[in-house]
Each structure stands twice: as C-alpha cells, then as structure tokens.
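What follows is one structure encoded as structure tokens, with my remarks underneath.
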Amino acid sequence: DIHLWGDGPSAVHIPLPVISYAPEYGFDVFSSASLLHHGEDHVDMSDHGMEGAHADHGHHTEGGHGAGEYHSHKTDLTYHLDGDGVLHAKDASGNTVEKAYDLSISKSVLGMFIVILIMMLIFPRVGSAYKKRKGQAPKGLQNAFEPLILFIRDEVAVPSIGEKKADRYLPFLLTTFFFILLCNLMGLVPFIGGFNVTGTMGVTLTLAFFVFVITAISGNRHYWGHILWPPNVPLPIKLILIPVEVVGILLKPAVLMIRLTANISAGHIIILALTFLVFIISGYGDNVAAGIGTGIFSVAFMIFMYFIEFLVAFLQAYVFTLLAALYFGDATQEAHH
C-alpha cells in the first residue's frame, strides 16, 4: 500500500490492487485491503491493518501479519497471504492452486506509471509547440523544458557520440534523462507515500539493460574487434586481455545500475538515520530535553540533506545519461589510422 501519514489503526494509506492469474481460472483483480478485511463491503481507508489490529473486529486472520482471506466470485478461488507476504490461492475444494501467478504492482511500479503518465502529458505538448511555433521564441512548457533538452543534445549527445550520429540516440537519451529526473524528484515530495523508484534495483537494472542492448547492437566492427581480438597485441597478452574486455562489457551497465541505486537510496537512508537519532538519544521519549535538542539538530541537517538530494536528483540523471552516451559513442566510433 501507499502509506500517507499516521501510525497504527489511525494511519491513512491507499491499498494497491492485487492482480492474480491462474491459467485454468483466469484473472482476478481486487484491493489488497481485502486480504486484511475479509467479508467487508466497505474498507475504512484510515485502517492500516497492522499486526493484531483486527483481533477484536471479528475478521478471519491467520499468520503473523494480520492477513485474512479474499474469496473471488468470478473464479471461485480463495486468496490469502502467508507469513512472508506471498500470495496463495485455493480452489472451491480447498486444494492449493499451484499455477497461480501474482502479477500485483508494487509502489515502485505505480510510481513509474505516474512518471510515464506525466511525461506523456508534457512532451507531446512540447513537441507540438515546436512544430506550431517553428522559428519563434518558446513559451510555456516549451520554454521550461527547452534548456534541458538543448543541454542533453548539445552538451551530452553531440560531444559523446558525434554530430552525425547523435540524433539517432537522442530520443532514448532524452527519455532516460527525464524519466530518471522525474522519478528522483517524486521521491523527494513528502506526504505522498515515499516513492523511491530509482532506489529500486529492478528499475535501475532495466535501464542499464537497455543501455547494454543498445550498445551491443550499435557496436561496429572496430568496437567488437578491439574487444574480441585486440589488434597489434601479442597472443599471450590477448588471452589475458580478451576476458577482461568481455567482463568490462557487462561491468559498464552494472556500474550504471549500482551508482544510480546507491546514490538515490543513500540520501533517504541519511534522512531516516537523522530521524531515528531523535528517538535513540531521547530514550524513546524518556528524556524530553535531549529529544528536543537532538530534534533541532536533526531537522536542520534534514533540511540541508533535502537540498543536497535535490541537487543529486539532477546530477544522477545527468551522469546516467552521459555515461550511456559515452558507451554509445565508443561503440560507434570509426577506426583511427
């Protein structure tokens, strides 16, 4: 779910949909709150469903997470979560359905959908403004995004790839830059659930995988020749150098993935550490004076860290895009004699 504010039974949160698919039964889509509120037509959105919260509400619960059951009238399957949060399905006879696949979206996936929707609303309008106002001074959204678009084209793509080939890769580079930037900025907005899209390894892995595929496909004879059979190198050295070069092909996207994930997550971890410092030094409320003193110190540093993270949001989007452009340029450069 998306936790907005509060704790315990008074917490405010938005449950995400559970999507399950069993080949013999079809799809089921229902709210994740249904697994915590079995048999209710209306779900109180302020009820967080923490462990033991429903012990006296008459709900059927099992396991250690306060999980209940949801019965689908469409497929006649009954769903429940085990102690590890894994979704299981049973048929009408109570037999476990082995081939039931959990396709539910996570908070990071929802964050990606939101960013993609924002980009689909913004950039077609910017593109149409360029066509309608060709040769005229930009205004509105076009004026807001033109400096960033020209920066990626003139300072990243062209110097790294070359003027003749840059336009071929510019759509991917611009999409990657703005996707990472918007994901980073969304993670800094408080009270909307704490999205940390680019701090999720699966997201950065996918971005790095696209860079790897495009680099491999774009590689010319000169690029692959220097990797698989380096010219003018003695054979014994080639036997050592070729494995190193092959590992380097895989290492480059791995570095992209780890750098982006680690840098985005690090700022969030520091802010959390500063928050918990207040509770630790105050003895969880036993020493109010120490808590107030530490709180002033922690809040000041958290504000400072927010400004640093705002800078990092732009910096990491730029670094990822720049390194991707450098990889593309390296793969497509012509041999120099």
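The values are calculated or read from the model by the stated rules, or taken from the named source; none is laboratory data. Predicted model only: the values in this text are computed from it and were never measured. Glycine also receives a Cβ, built like all others from the backbone with ideal geometry; neighbour counts cover every protein chain displayed. The area values use the complete protein model at the heavy-atom level, side chains included, leaving out ligands, DNA and RNA. Shrake-Rupley method; radii C 1.70, N 1.55, O 1.52, S 1.80 Å.
Our helix-only sum for the chain, with -39,500 (n - 2.57) per DSSP H run of n ≥ 4 divided by its residues, gives a mean residue ellipticity at 222 nm of -18500 deg cm²/dmol. Short-range pairs are left out: with C-alpha atoms under 8 Å and at least six residues apart, the relative contact order of the chain is 15 percent.
Which sequence of GLU245, GLU69 reflects their accessible areas, 1.4 Å probe, from the largest down?
Details: GLU245 70, GLU69 45 Å².
Per-residue accessible area, sorted high to low, gives GLU245, GLU69.
Sorting VAL29, VAL18, VAL233, VAL246 by solvent-accessible area of protein heavy atoms yields VAL29, VAL246, VAL233, VAL18, largest first, with a 1.4 Å probe.
Packing, as the average of other Cβ atoms within 10 Å across residues, places the peptides 235-241, 292-298 in the order 292-298, 235-241, highest first.
Please get the size of the charge dipole for the chain, origin at its Cα centre, with Cβ charges of +1 on Lys and Arg and -1 on Asp and Glu, quoted in debye to the nearest 20.
Working: 18 positive and 28 negative charges, 495 e Å.
I would put it at about 2380 debye.
Taking the average, over residues, of other Cβ atoms within 10 Å as the packing measure, peptides 264-277, 126-139 rank 264-277, 126-139 from highest down. Taking 10 °C and 1.306 mPa s as the conditions, I'd like the Stokes-Einstein D for the chain in µm²/s, using the Kirkwood hydrodynamic radius from alpha carbon pairs. It comes out at roughly 65 µm²/s. With the alpha-carbon atoms of the range 114-193 aligned to their principal axes, the span from lowest to highest coordinate is 45, 30, 17 Å, starting with the largest.
Would you work out the relative contact order for the range 196-257, in percent, from Cα pairs under 8 angstrom that are 6 or more residues apart?
Numbers: 28 pairs, mean separation 30.8, N = 62.
Relative contact order of the range 196-257: 50 percent.
In this calculation the C-beta distance from HIS222 to LEU311 is compared with R0 = 30 Å, giving a FRET efficiency of 0.20. Along the axis of the charge dipole computed for the range 100-203 (Cβ charges of +1 for Lys and Arg, -1 for Asp and Glu, origin at the Cα centre), the listed residues MET112, LEU170, VAL197 are led at the positive end by LEU170.
What is the local net charge at ALA324, summed over the other residues whose Cβ is closer than 15 Å to its Cβ (Lys, Arg +1; Asp, Glu -1)? Present the calculation step by step, with values, prior to reporting the outcome.
Details: positive: ARG153, LYS165, ARG168, LYS252, ARG259; negative: GLU155, ASP330.
Combined, the nearby Lys, Arg, Asp and Glu give +3.
When the listed pairs LYS134/LYS165; LYS134/LYS164; LYS132/LYS164; LYS107/LYS165; LYS107/LYS134; LYS107/LYS252 are checked against a 30 Å cut-off, the alpha-carbon distance exceeds it for LYS107/LYS165; LYS107/LYS134. From the P(r) of the range 173-248, can you give the percent of Cα pairs sitting at distances over 21 Å? Result for the distance tail: 51 percent.
Relative to the Cα centre, the charge distribution of the range 202-337, modelled as +1 at Lys and Arg Cβ and -1 at Asp and Glu Cβ, gives a dipole magnitude of about 280 debye. How big is the accessible area of TRP229 in square angstrom, nearest 10, if you roll a 1.4 angstrom probe over the protein chains? About 140 Å², rounded to the nearest 10. Ranking TYR318, THR275, GLY225 by how far each Cα lies toward the positive end of the dipole of the chain (charges on Cβ) leaves GLY225 at the top. Each of THR75, LEU16, ASN143 was placed along the dipole of the chain (beta-carbon charges, centred on the mean Cα), and the one lying farthest toward the positive end is ASN143. Based on Cα contacts under 8 Å between residues 6+ apart, the range 196-307 shows a relative contact order of 28 percent.
If you take every residue apart from SER20 with its C-beta less than 14 Å away from the C-beta of SER20, what net charge results, scoring Lys and Arg +1 and Asp and Glu -1? Walk me through the numbers before you get to the answer.
Values: positive: LYS74, LYS90, LYS99; negative: GLU24, ASP28, GLU69, ASP76, ASP91, GLU98, ASP102.
Once positives and negatives cancel, what remains is -4.
May I ask you to rank ASP286, ASP91 by accessible area, largest first, using a 1.4 Å probe over the protein chains only?
Values: ASP286 140, ASP91 35 Å².
Putting ASP286, ASP91 in descending order of accessible area: ASP286, ASP91.
Taking the Cα centre of the range 147-242 as origin, work out the dipole magnitude from +1 charges on Lys and Arg Cβ and -1 charges on Asp and Glu Cβ, in debye rounded to 20. Once rounded to the nearest 20, the dipole reads 320 debye.
Could you compute the FRET efficiency for HIS3 and ASN287, with r as their C-beta to C-beta distance and R0 at 30 Å, rounded to 0.05?
Values: r = 28 Å, r/R0 = 0.94.
Between HIS3 and ASN287 the formula returns 0.60.
The heavy atoms of LEU322 present about 40 square angstrom of accessible area, all protein chains included, probe 1.4 Å. Against the chain, whose longest principal axis is taken from its Cα atoms, helix 107-132 shows a tilt of about 50°. Rounded to 0.05, the FRET efficiency of the LYS99 and ILE14 pair, given R0 = 35 Å and the Cβ-Cβ distance, is 0.70.
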